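Undergrad: Below is one structure. I have some questions about it.
The values are calculated or read from the model by the stated rules, or taken from the named source; none is laboratory data. The model shown is predicted, which means the values in this text are computed figures rather than measured ones. Positions of Cβ are backbone-derived with ideal geometry, glycine not excepted, and every protein chain shown enters the neighbour counts.
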């Protein structure tokens, strides 16, 4: 699973030009395509609702379909669940 929080929530936003889903140039939708492929393979992607709305001004409809917006308190819960499962965890604020 992938948890997008802080500035990372912007990776889960729908993009495109001139309309959503259209690639302006090759690689323009690289993050969107990778996240979509991950979900199609059975991966789960979550996004912190607080960062999405309060920090970046996007509503839940702005997310790539399939990404679940979660309560900010659930961010810690997911972190603990993955730590107990000995999952690989990568935390970064730089993208």
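Undergrad: Restricting attention to the range 1-29, which residues are without any contact (Cβ under 8 Å) to a residue 60 or more places away in the chain, over 12 Å from residue 64 (Cβ atoms) and either touching a helix residue (DSSP H, G or I) at 6+ places or on another chain (Cβ under 6 Å) or surrounded by 12 or more Cβ atoms within 10 Å (Cβ to Cβ) (or both)?
TA: 17, 23, 28
Undergrad: Answer yes if at least one residue in the range 55-66 is under 20 Å from residue 35 (Cα atoms), under 13 Å from the mean Cα position of the chain (by Cα), surrounded by 12 or more Cβ atoms within 10 Å (Cβ to Cβ) and modelled with pLDDT under 90, and no otherwise.
TA: The answer is no; no qualifying residue exists.
Undergrad: Which numbered condition in (1) touching a helix residue (DSSP H, G or I) at 6+ places or on another chain (Cβ under 9 Å); (2) in a loop (DSSP other than H, G, I, E, B) is the only one that residue 57 fails?
TA: The failed condition is (1).
Undergrad: Only residues that are closer than 15 Å to residue 9 by Cα and either at pLDDT 95 or above or in a helix (DSSP H, G or I) (or both): list them for the range 70-95, please.
TA: Hits for the range 70-95 are 72, 74, 75.
Undergrad: Any idea which residue in the range 37-53 is surrounded by the most Cβ atoms within 10 Å (Cβ to Cβ), counting only those that are part of a helix (DSSP H, G or I) and in contact with a helix residue (DSSP H, G or I) (Cβ under 7 Å, 6 or more places away or on another chain)? Step through it out loud before you land on a result.
TA: Looking only at the range 37-53, we keep the residues that are part of a helix (DSSP H, G or I), and these are 37-40, 49-53.
So of that shortlist, the ones also in contact with a helix residue (DSSP H, G or I) (Cβ under 7 Å, 6 or more places away or on another chain) come out as 49-52.
Values: 49: 20, 50: 17, 51: 20, 52: 25.
The extreme case among them is 52.
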